[in-house]
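Below: one structure, written as structure tokens.
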């Protein structure tokens, strides 16, 4: 029996309409493709994390003592270190099991066509920009080990599932993939740092997810780390990695507390004033005038062009010259930089035999640009300024021919945002108006009150898997249809041993209160409340015995599975009452 059509009684929330059940079931599994198809889920997960008691408990950590006395930016820096210390990036494609292209394409066919999906996701043909190591992106992410039509689920974790990675072998911290980390950051910025929701914008691309936080000159979250505007232009390898998504990919979704803008859907639900403010703020963040520091940073990034330059060092009344690439090489082991006032200290540390007494032929002297930029910065929007810089860059080195264009690209990035002139229309939905001054209880009550008019708020309770506040049917459907790990991990076990194995797991849920883990979470973290373990058992049992009629009776202190042999009764602390028939 298909669990989507099976009767489920005693659910505390009205039934989700049939045409919306796929979207609501996606809130439980939160794969990258589900979020692309149903963009309301992205901010819905942020709200689920905001409602979670886990992040609110961080306030009790000594690391955040007196955080309210710090400036907003300093609070964000303190949060960054906490996340770095407690979470790691994880992209183990085996964590959440396998599916097939055909199955997922058929599932999403009512909303989007195969060609569009193929342009937007690495699992369905998208290979990214050639910048990505000039290799097949499937090989880069380890997808090549899956043959033919087999693809892994890329699922986004709630904060509880991220924390639970500590329970897995070889993990000593929480973990999550990029969407998990971006939504965790967004929720923590609000709860811990007090950043208003309207200053947090979530950005998704086919291969990455990050946030733009509109404070100071702007801050970009990138997995566990933060990138300020100054860092964006520092030319380091770490920053180059952080730039990949915005430099080389189409932004597919921009979302905030008022809605989203999607690269495919013609209707944008975000407030148009919010989107315009975001667009201008992000473009300002991604743009800078060219100064001596920016030019030197550019050469750090474009190492091949360092061979067009030399650096003069005056010592004991004599001028000496050194290839620029040699000086940049010394940066790796010194606290000094070519690009700032510490350059002379860096030069003083370099071995004497690296220098020449005469200028190197066919190389520009980088020092002369110190004087050039003292006359004024180069406004990258001014043709006159650019032409003035072009004259200074003229030399016999062949690499300088494309240098000016690359330098301008380094100093100004025009992101490919999802809004399309003439195609996208704004039909804003009501914004989520919660504030950092509210308590967790007040926030939950408020979100309950706007569920009928705010899709992300309604979906947040499903992303939280809060069985006290939702229709159970979509979540049970997700459990039965998209939890392959527990099925395959136990396929060699006889039925009786399967029951015994799940019975032996600790009666501990990774979720607080009335929230229910999915079966693969139970299996991956090897624990679960009685309700959760029996739902896991039912998932495996139905995969083996498709015609079996199962009933899961849930009482405040116990759960009973009927139809899988003798009744199986396991204790529960969830305090729920209801029945699921499969």
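The values are calculated or read from the model by the stated rules, or taken from the named source; none is laboratory data. This is a predicted model, so every value here is computed, not measured. FYI the Cβ positions are ideal-geometry reconstructions off the backbone, even for glycines, and counts take in every protein chain you see.
Return yes when residue 476 is under 27 Å from residue 170 (Cα atoms), crowded, with 19+ Cβ neighbours inside 10 Å and at pLDDT 95 or above and no when it is not. Spell out the reasoning first.
Details: under 27 Å from residue 170 (Cα atoms): no; crowded, with 19+ Cβ neighbours inside 10 Å: yes; at pLDDT 95 or above: yes.
The answer is no for residue 476.
Selection of segment 285-305 for residues being farther than 13 Å from residue 411 by Cβ and either at pLDDT 95 or above or assigned by TED's automatic domain parsing to the domain that holds residue 234 (or both) yields only 300. Take the conditions within 13 Å of the chain's Cα centre (by Cα), more than 23 Å from residue 31 (Cα to Cα), at pLDDT 95 or above and surrounded by 17 or more Cβ atoms within 10 Å (Cβ to Cβ) and apply them to residue 226. Does it pass? In short, yes.
On inspection, residue 110 qualifies as under 22 Å from residue 22 (Cβ atoms), at pLDDT 90 or above and in the same structural domain as residue 241 (by TED's automatic domain parsing). Of all residues in segment 87-121 being surrounded by 18 or more Cβ atoms within 10 Å (Cβ to Cβ) and in a loop (DSSP other than H, G, I, E, B), which is nearest to the chain's Cα centre (by Cα)? Step by step, filter segment 87-121, then rank; the result is 90.
If you go through segment 195-223 and keep only what is surrounded by fewer than 19 Cβ atoms within 10 Å (Cβ to Cβ) and farther than 21 Å from residue 270 by Cα, you end up with 216, 217.
Scanning segment 182-202 for residues that are more than 13 Å from residue 55 (Cα to Cα) and assigned to a helix (DSSP H, G or I) turns up 182, 197, 198, 199.
With respect to the stated conditions, residue 421 is at pLDDT below 95 and more than 26 Å from the chain's Cα centre (by Cα). Once segment 429-457 is narrowed to residues that are free of Cβ contacts under 8 Å to residues at least 12 places away in the same chain and closer than 29 Å to residue 522 by Cβ, the residue that is surrounded by the fewest Cβ atoms within 10 Å (Cβ to Cβ) is 441.
The rows are residues; the columns are (1) modelled with pLDDT of 95 or more; (2) touching a helix residue (DSSP H, G or I) at 6+ places or on another chain (Cβ under 6 Å); (3) in the same structural domain as residue 229 (by TED's automatic domain parsing).
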{"residue": "380", "(1), (2), (3)": "no, yes, no"}
{"residue": "386", "(1), (2), (3)": "no, no, no"}
{"residue": "390", "(1), (2), (3)": "no, yes, no"}
{"residue": "451", "(1), (2), (3)": "yes, yes, yes"}
{"residue": "454", "(1), (2), (3)": "yes, no, yes"}
{"residue": "458", "(1), (2), (3)": "yes, no, yes"}
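Can you tell me which residues in segment 536-582 are under 35 Å from the mean Cα position of the chain (by Cα) and exposed (fewer than 14 other Cβ atoms within 10 Å of the Cβ)? The one that is under 35 Å from the mean Cα position of the chain (by Cα) and exposed (fewer than 14 other Cβ atoms within 10 Å of the Cβ): 575.
Each row is one residue, and each column tells you yes or no for (1) in contact with a helix residue (DSSP H, G or I) (Cβ under 6 Å, 6 or more places away or on another chain); (2) over 20 Å from residue 164 (Cβ atoms).
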{"position": "46", "(1), (2)": "yes, no"}
{"position": "54", "(1), (2)": "yes, no"}
{"position": "63", "(1), (2)": "yes, yes"}
{"position": "67", "(1), (2)": "yes, yes"}
{"position": "72", "(1), (2)": "no, yes"}
{"position": "77", "(1), (2)": "no, yes"}
{"position": "88", "(1), (2)": "no, no"}
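Quick one: which of 520, 529, 557 is in contact with a helix residue (DSSP H, G or I) (Cβ under 6 Å, 6 or more places away or on another chain) and either more than 19 Å from residue 473 (Cβ to Cβ) or at pLDDT 95 or above (or both)?
Numbers: 529 fails: in contact with a helix residue (DSSP H, G or I) (Cβ under 6 Å, 6 or more places away or on another chain); 557 fails: in contact with a helix residue (DSSP H, G or I) (Cβ under 6 Å, 6 or more places away or on another chain).
Of the residues listed, the single one that is in contact with a helix residue (DSSP H, G or I) (Cβ under 6 Å, 6 or more places away or on another chain) and either more than 19 Å from residue 473 (Cβ to Cβ) or at pLDDT 95 or above (or both) is 520.
Going by what's in this entry, would residue 469 be described as surrounded by fewer than 18 Cβ atoms within 10 Å (Cβ to Cβ), touching a helix residue (DSSP H, G or I) at 6+ places or on another chain (Cβ under 6 Å) and within 30 Å of residue 192 (Cβ to Cβ)?
Numbers: surrounded by fewer than 18 Cβ atoms within 10 Å (Cβ to Cβ): no; touching a helix residue (DSSP H, G or I) at 6+ places or on another chain (Cβ under 6 Å): yes; within 30 Å of residue 192 (Cβ to Cβ): yes.
Taking the combined requirement at face value, the residue does not satisfy it.
Just one of the listed residues (344, 371, 349) is touching a helix residue (DSSP H, G or I) at 6+ places or on another chain (Cβ under 9 Å) and surrounded by fewer than 16 Cβ atoms within 10 Å (Cβ to Cβ), namely 349.
Just name the residue that is farthest from the chain's Cα centre (by Cα) out of those in segment 235-263 that are in a loop (DSSP other than H, G, I, E, B) and either crowded, with 20+ Cβ neighbours inside 10 Å or free of Cβ contacts under 8 Å to residues at least 60 places away in the same chain (or both).
235
Looking at 84, 50, just one residue is buried (at least 22 other Cβ atoms within 10 Å of the Cβ) and modelled with pLDDT of 95 or more, and that residue is 50. Pull up segment 497-535, narrow it to residues that are surrounded by fewer than 19 Cβ atoms within 10 Å (Cβ to Cβ) and free of Cβ contacts under 8 Å to residues at least 40 places away in the same chain, then point me to the one that is nearest to the chain's Cα centre (by Cα). Out of the qualifying residues, it is 508.
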